[in-house]
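Scroll down for the structure; my scribbles are underneath it.
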Amino acid sequence: MAEVFILLGGNVGDKAKIFEETRKLIGERIGLITKMSSVYATESWGFKSDLFWNQVLVLESRLNPFKILTLTQSIETVIGRLKKTLSNNGSCNYEDRIIDIDILFYDNLQLDTPRLTIPHPKIGERKFVLVPLNEIAPDKYHPVSGVNVEELLRLCTDQLMVERID
């Protein structure tokens, strides 16, 4: 079984209902949810928008990372996300969204392919990831930097608001 850390984010629609349905589908299709952070209201990162909700889940899964990616994208579609907008260089443009599901860690795997990078390359730059991650896994070590989540949060220069809402 792999230990998989996933981030949920969204700022459109009935966020409580959307997050509940997303967690249900993740549990049914990907693996057992063993931990959940609180939900946090966060300022948008990279563009001006309504507040986002973010939450980190920890799963036990028998699936490989590429299968998990395929399933998370399928769940995004089922929930109502129509597209992920890519810029010319292949990176994702920032915009309002009903749900976004990102793989943060897959055990201690380091993977860098055109389709998937694990650990997520922007973990250390974003308080909306680090605050909920620190709540449930402060001692989790980043397999590339060798620094734990608590220290990554302390070093993070992101000043955007992240407030617990549940």
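The values are calculated or read from the model by the stated rules, or taken from the named source; none is laboratory data. Predicted model only: the values in this text are computed from it and were never measured. Note that each Cβ is placed from the backbone with ideal geometry, even for glycine, and that neighbours are counted across all protein chains shown.
Just a few scattered comments:
- When the test is whether a residue is within 17 Å of the chain's Cα centre (by Cα) and without any contact (Cβ under 8 Å) to a residue 24 or more places away in the chain, PRO138 passes it.
- Residue check for LEU57: assigned to a strand (DSSP E or B), within 22 Å of THR117 (Cβ to Cβ), modelled with pLDDT of 95 or more and not small (Gly, Ala, Ser): yes
- Residue check for LEU160: surrounded by fewer than 18 Cβ atoms within 10 Å (Cβ to Cβ), in a loop (DSSP other than H, G, I, E, B) and modelled with pLDDT of 95 or more: no
- Matching residues, segment 3-18, being surrounded by fewer than 17 Cβ atoms within 10 Å (Cβ to Cβ) and either without any contact (Cβ under 8 Å) to a residue 24 or more places away in the chain or touching a Gly at 6+ places or on another chain (Cβ under 8 Å) (or both): GLY13, ASP14, ALA16, LYS17
- Matching entry among GLU43, GLU21 (being among the acidic types (Asp, Glu), in contact with a strand residue (DSSP E or B) (Cβ under 9 Å, 6 or more places away or on another chain) and surrounded by fewer than 21 Cβ atoms within 10 Å (Cβ to Cβ)): GLU43
- Qualifying residue in segment 118-139 (condition: over 23 Å from SER44 (Cα atoms), at pLDDT 95 or above and β-branched (Val, Ile, Thr)): no
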